[in-house]
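Asks: One structure, pasted below without further comment.
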Amino acid sequence: MAFVDYGTSASKDNSGMSSTTAYARQAQTPAPPLLAGWHNGFAALGPAFYTELAPTPLPDAHWVGVSNDVAALLGLPPGWQQQDDALQSFTGNALPAGSRPLASVYSGHQFGVWAGQLGDGRAILLGETDTGQEVQLKGCGRTPYSRMGDGRAVLRSSIREFLCSEAMAALGIPTTRALCITGSPQPVQREELETAAVVTRVAPSFIRFGHFEHFAARGQHAELRQLADYVIERYYAECRADANPYAALLRAVSERTARLMAQWQAVGFCHGVMNTDNMSILGLTIDYGPFQFLDGFDPGHICNHSDTQGRYAFDRQPGVAYWNLLCLARALLPLIADVGQAQAALDSFEPVFIDAFMQRLRAKLGLREARPGDEALVDGLQRLLSAGGVDYPIFWRRLSHAVAANQFAPVRDLFADRPGFDAWLLQYQELLALDGQALAADLMLKTNPCYVLRNHLGEEAIRAAKLGDFSKIQTLQDLLAHPFDERPGCEAYADFPPDWASHISISCSS
């Protein structure tokens, strides 16, 4: 691993910027306490890490969607969404009593290029509750880090993030969560005129690789050490006893990231914008923008039409994650103090990824033990799926039912190369017989989802919501909360995408 100096060309951060100037705290009426025990461990790091400011209010706020699961995670009282105080608080029109709103500063690499200072340009952290979860409003107005942006999120992208956050959680994939979406008729200009929305996001921490890059690039090693010590103390306590706790932190983050990549690749999830500022230090899926679950299997699929070079294509995601970890390693090098130890901390990424990915694929195939021939079976299957552009979610669900019924014709029908599939099926059945098909089918039906958030399903919910109908969000949310349970009358949600779905264009604009 060659560590290089990527410069200190970041623009001025919040040092010296008074929150009583352009970003003055606005006078707002505190709401009664919805959540108990507000505190903010991140705020204790000091003003070098953030700017304190309040959200910018939105007119005529209304509910768009809520997650009862996240409400329970936060300990919200029954009927909380019936309170106007909750609506105003989670829109940014009132401050929850005890909260301490702030926007954090970070830097990062975007599309492989050093971008300098970034930061929470439209997100404000309210604080941390006594459940250990941070609560953040996304889309609640300009901050010092908005970089000429308006600090707003639109209804379209907010619905996508809300649904996908909760869908990923139901699939068992580490992710930030989404408590609710609120909307407003306030216009927001993107490619076209849209309306504003706010997503209330929840996570143990929103710290990113870019937070470390920020202080390393500026030579602020005291702040870098302070941040690393905070992360170790709060989230990686096992690293404290290591002879080099900062190298241990890098290794732990690397391995969490490797396992996350394995889960993405197994389920067919494309993130679309894996910049270092969009990488969670906790190995969470974070910042849902131009994401997509694969329809037809295409390893080179690019889900972000802003990604003209294909840097974040589906099959490149594990490699990009490793590149991002190299950036994190460079940032931590002043603390690790040894290039060899930094490299060694990353050496487990590839074997952890491969092992985790093969575990996932064996489960999807109903194979309970690792055996010779597993990798060849998976490689052969991926070549067949790719050659035919076979629908990825439908293939796995049909295969699960085929194993249960010992009837493989519906799966065979998905392939143009029937002889190729037949040859693969013989290999598969030989391994399957070692575990027993009944046990395999049970594992597969609990591993291969019936419902995923395909682009066209999200688009249908968005179109209805723009007309004031939020029922499709609720229906889709309910299905995605139990993705392995088939529902009578909901077959269309698990069917092939319509022809128009291939023309859906998703970009970084939101």
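Asks: Among the residues of segment 428-460 satisfying the criterion of being touching a strand residue (DSSP E or B) at 6+ places or on another chain (Cβ under 9 Å) and among the hydrophobic types (A, V, I, L, M, F, W, C), which is farthest from Arg397 (Cα to Cα)?
Replies: Leu453
Asks: Among the candidates Arg368, Arg397, Arg383, Arg418, which residue alone is within 16 Å of Pro299 (Cβ to Cβ) and either touching a helix residue (DSSP H, G or I) at 6+ places or on another chain (Cβ under 7 Å) or not β-branched (Val, Ile, Thr) (or both)?
Replies: Residue meeting the stated conditions: Arg383.
Asks: Which one is surrounded by the fewest Cβ atoms within 10 Å (Cβ to Cβ) among residues in segment 321-330 that are closer than 18 Å to Pro351 by Cβ and hydrophobic (A, V, I, L, M, F, W, C)?
Replies: Trp323
Asks: As an exercise: evaluate Arg360 against (1) buried (at least 21 other Cβ atoms within 10 Å of the Cβ); (2) under 29 Å from Cys450 (Cα atoms) and give the number of the one condition it does not meet.
Replies: (1)
Asks: Can you pull out every residue in segment 190-202 that is closer than 21 Å to Trp63 by Cα and either in a loop (DSSP other than H, G, I, E, B) or not acidic (Asp, Glu) (or both)?
Replies: Within segment 190-202, Leu193, Thr195, Ala196, Ala197, Val198, Val199, Thr200, Arg201, Val202 qualify.
Asks: Output yes when any residue across segment 367-385 is under 20 Å from Leu432 (Cα atoms), surrounded by 16 or more Cβ atoms within 10 Å (Cβ to Cβ) and β-branched (Val, Ile, Thr), and no when none is.
Replies: For segment 367-385, residues under 20 Å from Leu432 (Cα atoms), surrounded by 16 or more Cβ atoms within 10 Å (Cβ to Cβ) and β-branched (Val, Ile, Thr): present.
Yes or no, residue by residue, for (1) assigned by TED's automatic domain parsing to the domain that holds Thr176; (2) part of a loop (DSSP other than H, G, I, E, B); (3) of a type outside the set (A, V, I, L, M, F, W, C):
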residue	(1), (2), (3)
Gln263	no, no, yes
Asp277	no, no, yes
Leu282	no, yes, no
Gly300	no, yes, yes
Tyr312	no, yes, yes
Pro318	no, no, yes
Ala321	no, no, no
Leu326	no, no, no
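Asks: Ok, one more. Only one of these conditions is not met by Ala167: (1) surrounded by fewer than 16 Cβ atoms within 10 Å (Cβ to Cβ); (2) in contact (Cβ under 8 Å) with a residue 40 or more places away in the chain. Which number is it?
Replies: The one condition Ala167 does not meet is (1).
Asks: Please find, within segment 437-483, the residue that is surrounded by the fewest Cβ atoms within 10 Å (Cβ to Cβ) out of those that are small (Gly, Ala, Ser) and over 24 Å from Val403 (Cβ atoms).
Replies: Gly468
Asks: Right, another one. Can you report the number of residues in segment 205-249 which are more than 25 Å from the chain's Cα centre (by Cα), in a loop (DSSP other than H, G, I, E, B) and touching a residue at least 12 places away in the same chain (Cβ under 8 Å)?
Replies: Going through segment 205-249 one residue at a time, the tally reaches 4.
Asks: Sticking with this structure for a sec: Restricting to segment 103-159, give me the number of residues that are over 26 Å from Val320 (Cβ atoms) and without any contact (Cβ under 8 Å) to a residue 12 or more places away in the chain.
Replies: So the count comes out to 1.
Asks: Further, regarding this structure: Please identify the pairs in which a residue from segment 317-334 that is closer than 19 Å to Ile232 by Cα has its Cβ atom under 6 Å from the Cβ atom of a residue that is buried (at least 22 other Cβ atoms within 10 Å of the Cβ) and of a type in the set (Val, Ile, Thr), counting only partners at least 6 apart or on another chain.
Replies: Cβ pairs passing all conditions: Cys327/Thr276.
Asks: Looking at segment 273-283, can you tell me whether even one residue there is more than 21 Å from Gln343 (Cβ to Cβ), small (Gly, Ala, Ser), touching a residue at least 24 places away in the same chain (Cβ under 8 Å) and buried (at least 22 other Cβ atoms within 10 Å of the Cβ)? Steps first, answer last, please.
Replies: Residues of segment 273-283 more than 21 Å from Gln343 (Cβ to Cβ): 273-275, 277-278, 280, 282.
Narrowing the set further to residues that are small (Gly, Ala, Ser) leaves 280.
Filter once more, keeping what is touching a residue at least 24 places away in the same chain (Cβ under 8 Å): 280.
From the residues that got through so far, the ones that are buried (at least 22 other Cβ atoms within 10 Å of the Cβ) too are 280.
The answer is yes, given that some residue of segment 273-283 is more than 21 Å from Gln343 (Cβ to Cβ), small (Gly, Ala, Ser), touching a residue at least 24 places away in the same chain (Cβ under 8 Å) and buried (at least 22 other Cβ atoms within 10 Å of the Cβ).
Asks: Has segment 178-189 got at least one residue that is part of a strand (DSSP E or B), surrounded by 24 or more Cβ atoms within 10 Å (Cβ to Cβ), touching a residue at least 12 places away in the same chain (Cβ under 8 Å) and among the β-branched types (Val, Ile, Thr)?
Replies: Within segment 178-189 (the criterion being part of a strand (DSSP E or B), surrounded by 24 or more Cβ atoms within 10 Å (Cβ to Cβ), touching a residue at least 12 places away in the same chain (Cβ under 8 Å) and among the β-branched types (Val, Ile, Thr)), the answer is yes, since at least one residue qualifies.
Asks: How many residues are under 28 Å from the mean Cα position of the chain (by Cα), more than 21 Å from Gly319 (Cα to Cα) and in a helix (DSSP H, G or I) if we restrict to segment 349-402?
Replies: Result for segment 349-402: 15.
The values are calculated or read from the model by the stated rules, or taken from the named source; none is laboratory data. Please read all numbers here as calculations on a predicted model, not as lab measurements. Backbone-built Cβ (ideal geometry, glycine too); neighbour counts: all protein chains shown.
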